[in-house]
Every structure is written in structure tokens, then in C-alpha cells.
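Engineer: Starting off with a structure, shown below.
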Amino acid sequence: MNMKHVASLAFGLAMAFAAPAYAESVNVGVTTTGVPFTFVDTASQEPTGAMVDLAKAITADIGDEAEFKVVAFSALIPALSSGKIDLISAGMFATDERKKVVNFSTPVYSYGDAMFVAADDTTDYTLDDLKGETVGAQIGTTFADKLQALGTFGEVKLYDSIADIMRDVKLGRIKAGFGDKPIVAYQISEKPQLGVRLVEGYEPMQKGDVAVAVSKENSALLEKVNGAIAKLKESGELDKIFAKYGL
């Protein structure tokens, strides 16, 4: 082998070792109706929110890149189970029923439900006060299941988004609405024109832990996600992510 060939081989080996390892894409399922957890920024038209930032931080830690897929809340778990997405990063409770279908990470945030009524309705209702009334909740949520299980309402109407529930509460089509307290509180504070208010003194039907969901078949990814979350908690970055959105 002449010196020219040796030099060429050496250069090729050097380039091979110097070549960067390309990050794998992790398909992350988010919703557009979960402000401030997950929503679409009106300026950039890109998904944003606390759980979006968290997914970016997790995937960066494990050396991958997050590719966000907008999915309706009720379709998130089916999308994960069918392999269309790799992670769910939304304001989703890690409930026992959901744990039968998917695996959840260690908890990242905890909260309960809120009741809201029309802004000009000054009564602070309890659940018992609403017997026989029509109320609303978002389809696929644990709150909707809880309300239906009570069996005391005239009807529990199911909606695609909290915004839709708020519209019908404002218009008097339903008496009260129920939803994730951080999401409801954030939307009311940002948009007083929604015409609804939180019911003071309401005791949540349920408090739960929000976590990232991973397919039952992907234990390796779950381990990486939990490792990243542990680092984010220890560094204080996890608190900063949620504090950025008033959580």
C-alpha cells in the first residue's frame, strides 16, 4: 500500500470516529386543549406548554429529539398502544385503569379538578347542590367518569375541549363545568371574556399525579425517562419548567 492510500485510509478512519451520532426521533403525543400543559402557540403554530418543555428536556437528556404529534386527548392512549407515538406528555393522570394499558413515569405534577359556573352566577355550589342539573366534562377524563358514576345529575354532557364546556356554561346551556384546575384557572385568568368563574371552596372529586406515559412494550424508554426526570428534579429544572407557566 503506497503512502497515498495510507493517508486516505487514515483520513477516512478519522472522519468515521469524528462523525456525530445522530439523535433518534421520539414521537411525543400532545393535545392542543390543555393550556398551560399543552397548547399551540398562536405566533409560531408550534406545540408549547409545560409538558412540551418537559418532553424536550427529557429527550435532550437521553440524547434524542422530540417530534411532537398533536392528538385529541381521548386518542392519546390508543395512539401510544398502536405505536403511532412513543410518549404521551400531557396533563394526564396516572390512574389505575390507565396503568393497565400503559406504563407511567414517576410523577411530575399533582392537582385536582375544579368546578366552574357562569360569571354572573354568584352561588358557590357543592356537588349535592347540582342534583338533577346538566353539567359538562371533557371526554376521556377521569372527571367525566367520576361525574357519571355519581348518577345524581340530569345529564353529564361530554365535550372535546374545556373551551367548549366554558362556552355552554356561559350561554346557560349547562349549569356547571368540570376540568383540570390548573388549566381552568389559567384560561380564566388569561381570558376574562370567557364569562365563567371558579367555584370557591369546591372540594375536588379526585387529586392525581401527572406523569409521562410509555408503551408497555418499551421498558427501556421508560427507564431512560425516569432517569431524566430524576435529574430534572434534583437540579430544580422541573420546578422551573412548571413555574414558567404559573403552575
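The values are calculated or read from the model by the stated rules, or taken from the named source; none is laboratory data. Here the structure is a predicted model, which is why all the values come from computation and not from measurement. Reconstructed Cβ throughout: ideal geometry from the backbone, glycine too, with neighbour counts over all protein chains shown. The accessibility values were calculated without ligands, DNA or RNA, using every heavy atom of the protein model including side chains. Shrake-Rupley method; radii C 1.70, N 1.55, O 1.52, S 1.80 Å.
Engineer: Among the residues of the range 71-107, what is the count of those that are closer than 27 Å to K231 by Cα, among the hydrophobic types (A, V, I, L, M, F, W, C), outside any loop (DSSP other than H, G, I, E, B) and modelled with pLDDT under 95?
Structural biologist: The qualifying residues number 1.
Engineer: Just the residues that are open to solvent by less than 30 Å² (accessible area, probe 1.4 Å) and part of a loop (DSSP other than H, G, I, E, B), please, taken from the range 209-247.
Structural biologist: Hits for the range 209-247 are A211, V212, G236, Y245.
Engineer: Next question. Open to solvent by 10 Å² or more (accessible area, probe 1.4 Å) and more than 12 Å from the chain's Cα centre (by Cα): is that true of S81 in this structure?
Structural biologist: Working: open to solvent by 10 Å² or more (accessible area, probe 1.4 Å): yes; more than 12 Å from the chain's Cα centre (by Cα): yes.
The answer is yes for S81.
Engineer: Contact list please: Cβ distance under 7 Å, first residue in the range 178-190 and in a helix (DSSP H, G or I), second residue surrounded by 18 or more Cβ atoms within 10 Å (Cβ to Cβ) and among the hydroxyl-bearing types (S, T, Y), pairs at least six apart or on different chains.
Structural biologist: As it stands, the answer is K181/Y111; P182/Y111, since those pairs meet every condition given.
Engineer: May I ask you to list pairs of residues, at least six apart or on different chains, whose Cβ atoms are under 7 Å apart, with the first in the range 37-49 being closer than 17 Å to V212 by Cβ and in a strand (DSSP E or B) and the second being modelled with pLDDT of 90 or more and of a type in the set (A, V, I, L, M)?
Structural biologist: T38/V30; T38/M51; T38/V52; T38/A90; P47/V30; P47/V70
Engineer: Within the range 108-140, which residues are closer than 21 Å to I188 by Cα and part of a helix (DSSP H, G or I)?
Structural biologist: none
Engineer: Oh, and also: Could you list, in sequence order, all residues of the range 51-78 that are in contact with a helix residue (DSSP H, G or I) (Cβ under 8 Å, 6 or more places away or on another chain) and aliphatic (A, V, I, L, M)?
Structural biologist: Answer for the range 51-78, where residues must be in contact with a helix residue (DSSP H, G or I) (Cβ under 8 Å, 6 or more places away or on another chain) and aliphatic (A, V, I, L, M): L54, A57, I58, I62, A66, V71, I77.
Engineer: If we keep just the residues of the range 101-132 that are crowded, with 18+ Cβ neighbours inside 10 Å and of a type in the set (V, I, T), which is farthest from A213 (Cα to Cα)?
Structural biologist: Among residues in the range 101-132 that are crowded, with 18+ Cβ neighbours inside 10 Å and of a type in the set (V, I, T), the one farthest from A213 (Cα to Cα) is V117.
Engineer: Shifting gears a bit: Could you list, in sequence order, the residues of the range 189-208 that are closer than 17 Å to L147 by Cβ and open to solvent by 50 Å² or more (accessible area, probe 1.4 Å)?
Structural biologist: Listed by number, the residues that qualify are E203, K207.
Engineer: Find the residue count for the range 16-49, including only residues that are exposed (fewer than 10 other Cβ atoms within 10 Å of the Cβ), at pLDDT below 90 and aliphatic (A, V, I, L, M).
Structural biologist: 4
Engineer: Give the residues of the range 176-196 that are of a type in the set (V, I, T) and within 20 Å of L130 (Cβ to Cβ), sorted by residue number.
Structural biologist: Once the filter is applied, which keeps residues that are of a type in the set (V, I, T) and within 20 Å of L130 (Cβ to Cβ), the range 176-196 yields V184, I188, V196.
Engineer: Among the residues that make up the range 133-140, is at least one of them more than 30 Å from K216 (Cα to Cα), under 21 Å from the mean Cα position of the chain (by Cα), touching a residue at least 40 places away in the same chain (Cβ under 8 Å) and crowded, with 16+ Cβ neighbours inside 10 Å?
Structural biologist: Within the range 133-140, one or more residues are more than 30 Å from K216 (Cα to Cα), under 21 Å from the mean Cα position of the chain (by Cα), touching a residue at least 40 places away in the same chain (Cβ under 8 Å) and crowded, with 16+ Cβ neighbours inside 10 Å.
Engineer: For the range 141-167, enumerate the residues that are crowded, with 18+ Cβ neighbours inside 10 Å, assigned to a helix (DSSP H, G or I) and over 19 Å from the mean Cα position of the chain (by Cα).
Structural biologist: Passing the criteria: L147, M166, R167.
Engineer: Give the residue, chosen from D121, D61, D129, that is more than 26 Å from M166 (Cβ to Cβ) and at pLDDT 95 or above.
Structural biologist: Step by step, each of D121, D61, D129 is checked, and only D61 is more than 26 Å from M166 (Cβ to Cβ) and at pLDDT 95 or above.
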